[in-house]
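Trainee: One structure, pasted below without further comment.
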């Protein structure tokens, strides 16, 4: 589900760098994550991840999301920019525009917004270069 390798700020490789925002946790403000991140609580702010983003079934993000890959099972209100694969799974609820290299939407997912995939994401990759490719 998550990538096992990321780089620390010192340039060293390490494993097991998953940040988990547990159910019942409320965060007001932006989050920047070097590794994978899972949201099962409430984030009221923007999320910038250099690896994989996972929004659990009870997770809520009220803000924009940028990352390399993402699986959404919960609720997102805001713009989602994913460099590679974005999966809208189960009974997720996404209210906002989506930019992704590839997009997979399950029939039970709810999505209301504009969708930009494939060739249109070339500009996205330039924008995400500072966040994702460091």
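The values are calculated or read from the model by the stated rules, or taken from the named source; none is laboratory data. Here the structure is a predicted model, which means the values were calculated and not measured. Here the Cβ is made from the backbone with ideal geometry for all residues, glycine too, and neighbour counts use every protein chain on show.
Trainee: Among the residues that make up segment 82-90, is at least one of them in a loop (DSSP other than H, G, I, E, B) and farther than 14 Å from residue 18 by Cβ?
Mentor: So far as segment 82-90 goes, yes, one or more of its residues are in a loop (DSSP other than H, G, I, E, B) and farther than 14 Å from residue 18 by Cβ.
Trainee: Inside segment 78-93, can you point out the residues that are more than 19 Å from residue 107 (Cα to Cα) and surrounded by fewer than 22 Cβ atoms within 10 Å (Cβ to Cβ)?
Mentor: 78, 79, 84
Trainee: Looking at segment 1-34 only, could you name the residues that are part of a loop (DSSP other than H, G, I, E, B) and modelled with pLDDT of 95 or more?
Mentor: Result: 22, 23, 24, 25, 29, 30.
Trainee: Kindly indicate the residue of segment 101-120 that is loosely packed, with under 12 Cβ neighbours inside 10 Å and either at pLDDT 95 or above or touching a helix residue (DSSP H, G or I) at 6+ places or on another chain (Cβ under 8 Å) (or both) and also nearest to residue 75 (Cα to Cα) among those meeting that condition.
Mentor: Checking each candidate, the answer is 112.
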